[in-house]
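A short worksheet on the structure shown next.
The values are calculated or read from the model by the stated rules, or taken from the named source; none is laboratory data. Source: prediction; values computed, not measured. Note that we place each Cβ from the backbone using ideal geometry, even for glycine, and neighbour counts take in every protein chain shown.
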């Protein structure tokens, strides 16, 4: 049995001055070492969820437990040490004047001694392959590189959980792949739990588990395969399904015997090639 | 646009002045600005000039940069020189043409003031030319450290300055982008009478303000999520180290002060 790292119980949250609850009775668990994708259209409450997890906002009712510790206003600083967050806009989360200053920012806040800091900054930058850019200023970096620096800043603090709050949505396809690849590697090496909040379904397809949010409520929870089976329902929610899933469905309708369950293009291409060689 | 505006005009190089502790350099400039006013005769001004030339030669900064620093205040130097010639009526009368008179005292005073101005500008621009803005910020934070006892928000000021420095290029890029977008919509930034040009800045400033506030909010959230809660209990990644050469610099400015006291009349 995998350990429950985070559990949310009956979370209700309303932004001041709004009539509708941004989150309405949401409960779910996050297990250690998994990659959880939270999807939903704009205003479905998925980003609010991230803010609550990091104690940037507090729920009106309901509780959040992280690693057996209840998230309250007193414990919030401990919790923030355990949860690192990468935000959407690469520019607006770069605090330092150079790459190394930015990675050190979180460590400075935590009061880590200078010698340890230097070690960790270099280590973290090595892991995201940005060690050649130590003294580079942010405006000389690409969006993907800035996001990788942001990730380095997060892992320098050695967190248990990384939350990607639409961290790839402002990047070009190459930058997106760079960032996701980095996170994937880190997850494998360090057993970090990843929560990725996204509306990129190709990205969500590679997750271990998916949660679909709609109108502040948890709409569906399951493996990407199960979720993409919903097809029409997802489209009705303003979401889409990955291209490969769509293509499989269309091919099946036209009598091509493709097996279900391809979530990525590569898988589908491989299968189609095999099918072709058999014909 | 970015290349045209280099803030602080820092010129990276590997010279003795570059390697000095920013605190030493800040103190040096501060003290120099004070002792410049001690000089009041040829010998003492000469001494100050020699000291300045010595500093410049230690910095390996191309003279062209120093000249560029002097250019904007060149007018001011000439203006004060003329004022002294016209209005200081001391010493011997050297020249007379109607109401226009030049006295010896005016001429000398004008020269001294011009030299004083030039030396001040040279030494202060030497500081910004040899020290990166972020090092100056660090130096300031350290030097003003004792003021924390009197509730001066020294850390906050330093952080504010470093964030401002970090966002200058970002906001410049943004300005350029908005300018292009507004030009595409028919705003004319570069021609027409002054009144129209000033007016055309409004559609540039409004979106810039809106987006800066949005940036500020997001940055604050990001900082908080990375555990920022003020200067209390914070360690520093950048370390300043005071070397023998820094102490020597301090000694030299001390010696200069003593000599000025002896040489002034």
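Does region A:170-190 include one or more residues that are within 13 Å of chain B (Cβ to nearest Cβ) and in a helix (DSSP H, G or I)? Can you show your working first?
Of region A:170-190, the ones within 13 Å of chain B (Cβ to nearest Cβ) are A:170.
Cutting the leftovers down to in a helix (DSSP H, G or I) gives us none.
There is no residue in region A:170-190 that is within 13 Å of chain B (Cβ to nearest Cβ) and in a helix (DSSP H, G or I).
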- Can you tell me which of B:148, B:180 is assigned to a helix (DSSP H, G or I), more than 14 Å from chain A (Cβ to nearest Cβ), at pLDDT below 85 and surrounded by fewer than 17 Cβ atoms within 10 Å (Cβ to Cβ)? B:148
- Task: Would you mind telling me which numbered condition in (1) part of a loop (DSSP other than H, G, I, E, B); (2) surrounded by fewer than 20 Cβ atoms within 10 Å (Cβ to Cβ); (3) touching a residue at least 60 places away in the same chain (Cβ under 8 Å); (4) within 22 Å of the chain's Cα centre (by Cα) residue A:2 fails?
- Result: (3)
- Task: For region B:212-236, name all the residues that are more than 22 Å from residue A:54 (Cα to Cα), assigned by TED's automatic domain parsing to the domain that holds residue B:178 and in contact with a helix residue (DSSP H, G or I) (Cβ under 9 Å, 6 or more places away or on another chain).
- Result: B:212
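So that you can scan it fast, the table gives a plain yes or no per residue for (1) surrounded by 15 or more Cβ atoms within 10 Å (Cβ to Cβ); (2) more than 14 Å from chain A (Cβ to nearest Cβ); (3) touching a strand residue (DSSP E or B) at 6+ places or on another chain (Cβ under 8 Å); (4) under 26 Å from residue B:69 (Cα atoms):
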site: B:137; (1), (2), (3), (4): yes, no, no, yes
site: B:174; (1), (2), (3), (4): yes, no, no, no
site: B:188; (1), (2), (3), (4): no, yes, no, no
site: B:202; (1), (2), (3), (4): no, yes, no, no
site: B:206; (1), (2), (3), (4): no, yes, no, no
- Query: Say we look at region B:228-242 and pick out the residues that are touching a residue at least 24 places away in the same chain (Cβ under 8 Å) and loosely packed, with under 13 Cβ neighbours inside 10 Å; which of these is nearest to the other protein chains (Cβ to nearest Cβ)?
  - Reply: B:230
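Does region A:70-85 contain any residue that is at positive phi and more than 12 Å from chain B (Cβ to nearest Cβ)? Please lay out each step first, then the result.
At the first step, the residues of region A:70-85 found to be at positive phi are none.
No, region A:70-85 contains no residue that is at positive phi and more than 12 Å from chain B (Cβ to nearest Cβ).
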- Out of all the residues in region A:76-99, which are within 11 Å of residue A:156 (Cα to Cα) and buried (at least 21 other Cβ atoms within 10 Å of the Cβ)? A:84
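Kindly indicate whether any position in region B:38-50 is closer than 21 Å to residue B:131 by Cα, in contact (Cβ under 8 Å) with a residue 24 or more places away in the chain and either in contact with a helix residue (DSSP H, G or I) (Cβ under 8 Å, 6 or more places away or on another chain) or part of a loop (DSSP other than H, G, I, E, B) (or both). Can you show your working first?
Step one: of region B:38-50, the residues closer than 21 Å to residue B:131 by Cα are none.
Among the residues of region B:38-50, not one is closer than 21 Å to residue B:131 by Cα, in contact (Cβ under 8 Å) with a residue 24 or more places away in the chain and either in contact with a helix residue (DSSP H, G or I) (Cβ under 8 Å, 6 or more places away or on another chain) or part of a loop (DSSP other than H, G, I, E, B) (or both), which makes the answer no.
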- Query: Could you give every pair whose Cβ atoms fall below 6 Å, whose first residue belongs to region A:245-256 and is outside the structural domain of residue A:201 (by TED's automatic domain parsing), and whose second residue is at pLDDT below 80 and exposed (fewer than 12 other Cβ atoms within 10 Å of the Cβ), counting only separations of at least 6 or pairs across chains?
  - Reply: none
- Query: Scanning for something more than 9 Å from chain B (Cβ to nearest Cβ), modelled with pLDDT of 85 or more and farther than 24 Å from residue A:192 by Cβ, does region A:45-57 turn up at least one residue?
  - Reply: no
- Can you give me the ranges of the strands (runs of 3 or more DSSP E) entirely in region A:18-90 with at least 2 residues that are over 26 Å from residue A:223 (Cβ atoms)? A:61-66
- Query: Can you tell me which residue in region A:136-146 is modelled with the highest pLDDT, limited to those that are within 12 Å of another protein chain (Cβ to nearest Cβ) and part of a helix (DSSP H, G or I)?
  - Reply: A:146
- Query: In region A:97-134, what count of residues is obtained for those that are facing chain B (nearest Cβ under 7 Å) and under 25 Å from residue B:172 (Cα atoms)?
  - Reply: 3
